[in-house]
Amino acid sequence: MIAAVTSDFWETLVHDTPENLARGRALRLASTARILAAAGMEPPMAAIEAAYERSGAEMRARFWSVRRDAPIGSQYV
């Protein structure tokens, strides 16, 4: 009996366009700024963008470059 079926959704079943990737990035940055502001922290958008880019670089170096995803537990460190 099959208990579960999984698939790699992004870039396997759905191919993103550069325009959609840019919209997603903008939404993530705006959401991060809004959450930080609600917590009483309002860093400049340039700082949020720099942190976003650094996190992507770290994920590529540690996981995606070796075709792995970050384990859930390590995403909170």
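Observations on the structure shown:
- Among the GluC sites (Glu not before Pro) in segment 1-72, those located in a DSSP loop and surrounded by at most 11 other Cβ atoms within 10 Å of their own Cβ are Glu11.
- The residues neighbouring Tyr52, those whose beta-carbon lies less than 9 Å from its own, together hold a net charge of +1 under the Lys/Arg +1, Asp/Glu -1 convention.
- Summing Cβ point charges (Lys, Arg +1; Asp, Glu -1) relative to the Cα centre of the chain gives a dipole of roughly 140 debye.
None of the figures in this text is laboratory data; all of them are computed from the coordinates on show. Here the structure is a predicted model, which means the values were calculated and not measured. FYI the Cβ positions are ideal-geometry reconstructions off the backbone, even for glycines, and counts take in every protein chain you see.
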